[in-house]
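S.K.: Below is one structure. I have some questions about it.
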């Protein structure tokens, strides 16, 4: 894991995988600050640079596999003229690289990386910027995410929120965050939208 390698190489106290996973959805800077509350912004910024150096050296090993049903669901949503966008805590260059390598970039009308906003999840800025850019009202949108920060971002933007149980948070965490619906497979989203 790139986070743990960064910690080792920078001589930081190693955090376990559960702690690292709990920061998914946050920017890298916020992740380091959450895991090391006494860390200065300057040191956290250096950790981010170190992480990115490692990440881009081994990028091919980091490209995730799509979950079952994702490609099929994206195709069906697109056939129904559902406008899709992504607001990610990942930086735009790596986000676009991942999406292209996974063969899903063409399904999305708007792609927003962490470097495209000034305030990040759970702040509503990523959703509000997306709505503004695409010309939709909050009542016409839905956020789908696997972390409580995704659900909080949706609520803060007054948009509906669907949690996916197969990601990085548990069903209980998604329920506690207030997701209106939790799906065990992304294909279930089609029934909900209809």
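Where a number appears in this text, it was derived from the coordinates with a stated rule and is not lab data. Note that this is a predicted model, so its numbers are computed, not measured. Don't worry about glycine lacking a Cβ; one is built from the backbone with ideal geometry, like all the others, and counts go over all protein chains shown.
S.K.: I need the calculated FRET efficiency for the pair residue 56 and residue 139, taking r as the beta carbon distance and R₀ as 45 Å, to the nearest 0.05.
M.R.: E between residue 56 and residue 139, to the nearest 0.05, is 0.65.
S.K.: Could you please rank 137, 34, 121, placing first whichever residue has the fewest other Cβ atoms within 10 Å of its Cβ?
M.R.: In order of increasing Cβ crowding within 10 Å: 137, 34, 121.
S.K.: As a test, work out the antiparallel percent of DSSP beta bridges whose residues both lie in region 70-193, rounded to the nearest 5.
M.R.: That works out to approximately 0 percent antiparallel.
S.K.: Still on this structure, I have one more. Starting from the eigenvalues of the Cα gyration tensor, five times each then square-rooted, give me the equivalent ellipsoid semi-axes of the chain, largest first, whole Å.
M.R.: 29, 18, 17
S.K.: Please give the helix 125-134 orientation as an angle from the longest Cα principal axis of the chain, in degrees from 0 to 90, rounded to the nearest 10.
M.R.: Approximately 40 degrees, to the nearest ten.
S.K.: Grab the beta carbon distance between residue 39 and residue 92, set R0 = 22 Å, and tell me the FRET efficiency rounded to 0.05.
M.R.: Efficiency, from the Cβ-Cβ distance: 0.30.
S.K.: Of the listed peptides 53-65, 145-157, what is their order by residue-averaged count of other C-beta atoms within 10 Å, with the highest listed first?
M.R.: Going by the mean number of other Cβ atoms within 10 Å, highest first, we get 145-157, 53-65.
S.K.: Sticking with this structure for a sec: Take the chain, connect every pair of alpha-carbon atoms lying under 10 Å apart with a spring to form a Gaussian network, then pick out the residue of 144, 162, 183 with the largest mean-square fluctuation.
M.R.: Top of the fluctuation ranking is 183.
S.K.: When the convex hull of the Cα atoms of region 39-85 is projected onto a plane and the area is averaged over all directions, what value comes out in nm²?
M.R.: It is 5.6 nm².
S.K.: Using only Cα atoms, find the angle between the long axis of helix 41-57 and the longest principal axis of the chain, and express it within 0 to 90 degrees, rounded to the nearest 10.
M.R.: Rounded to the nearest ten degrees, it is 70.
S.K.: Right, another one. Quick one: angle between helix 92-102 and the longest Cα principal axis of the chain, in degrees between 0 and 90, rounded to 10, please.
M.R.: 60 degrees
S.K.: What translational diffusion coefficient, to the nearest whole µm²/s, does region 2-62 have by Stokes-Einstein, given a Kirkwood radius computed over alpha-carbon pairs, a temperature of 25 °C and 0.890 mPa s viscosity?
M.R.: The estimated diffusion coefficient comes to 211 µm²/s.
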